[in-house]
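Visitor: Got a structure for you, questions after.
The values are calculated or read from the model by the stated rules, or taken from the named source; none is laboratory data. Quick caveat: nothing in here was measured; it's all calculated off a predicted structure. A quick note on method: Cβ atoms are made from the backbone with ideal geometry, for glycine too, and the neighbour counts reach across all protein chains shown.
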Amino acid sequence: MKKLLVILFSFFLLSSPSVFAEDISDFSIEGMSIGDSLLDYMTEDEILKGIEKTKDWYLHVKEPYKYSQVDLFKDFSTYDSVGFFIKNNSTNQYIVDKNEKFIILLIRGKINYIEDFDSCLKKRDEIDEVLSSMFPNVQKTEFNYKSAFDSSGKSIVYTIDYKFKSGDEISNYCVNYDESIRIKRNWSEGLTIGIETAEIRSWLGNYK
């Protein structure tokens with residue numbers, strides 16, 4: 001099961017099967033896990049440049065600068081890019097405590113399926129078969145919703161979420177942006193696998 005899971009989307013469980021349905025901290029995407037410092041994978045300068053690039057992306061939530069997104073593009077084994085969320089302090093300056101600096105609270109691996117939505121859904125469903133067998137007792141929800149990044153309402157997210165008792169989630173979804181806005185903003189679209197803490201999930205869902 002572990003080997004199949006790694007082949008499909010680079011999740012890797014470090015602990016025993018008994019924690020499958022309890023704790024997301026044992027999972028990794030491309031070797032990176034919740035609770036790691038992003039400084040282990042990027043320089044501070046790279047992180048700060050990434051924060052600056054995405055700083056205004058979450059103006060639709062109530063505390064848009066409480067957390068920051070940083071994306072990493074490199075020659076990964078499975079993904080086209082990996083995104084992270086890290087915390088900012090209350091004054092919107094980056095945390096300086098050595099033990100907390102740039103701690104990863106969410107990881108998302110992304111695979112591009114530009115204008116190939118059927119292939120994206122097919123891969124999403126393949127992954128879901130593995131997740132369903134791994135987490136038979138975890139709350140599973142499948143739903144579609146309008147992307148908050150497109151005010152026209154024409155861009156849709158097709159997601160399957162696995163919510164743990166802790167409130168943490170594993171998300172498996174395809175984004176299908178309206179072509180006009182995707183081209184205008186030079187966005188990618190396709191499959192995303194996310195390991196997400198309850199803390200970040202609550203923030204992302206707290207719209208203005």
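Matching residues to (1) touching a helix residue (DSSP H, G or I) at 6+ places or on another chain (Cβ under 7 Å); (2) modelled with pLDDT of 55 or more; (3) not β-branched (Val, Ile, Thr):
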residue	(1), (2), (3)
Phe11	yes, no, yes
Pro17	no, no, yes
Phe27	no, yes, yes
Gly35	yes, yes, yes
Asp56	no, yes, yes
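Visitor: I've got another one for you. Collect the residues in region 97-113 that are among the charged types (D, E, K, R) and part of a strand (DSSP E or B), keeping them in residue-number order.
Guide: Arg108, Lys110
Visitor: Considering each residue of region 166-185, count those that are at pLDDT 90 or above and either farther than 15 Å from Tyr113 by Cβ or of a type in the set (S, T, N, Q) (or both), and give that number.
Guide: Of the residues in region 166-185, 8 are at pLDDT 90 or above and either farther than 15 Å from Tyr113 by Cβ or of a type in the set (S, T, N, Q) (or both).
Let's see how each residue does on (1) crowded, with 18+ Cβ neighbours inside 10 Å; (2) in contact with a Ser or Thr (Cβ under 6 Å, 6 or more places away or on another chain):
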position: Asn112; (1), (2): no, yes
position: Asp116; (1), (2): no, no
position: Glu129; (1), (2): no, no
position: Ser151; (1), (2): no, no
position: Ser166; (1), (2): no, no
position: Ile170; (1), (2): yes, no
position: Leu204; (1), (2): no, no
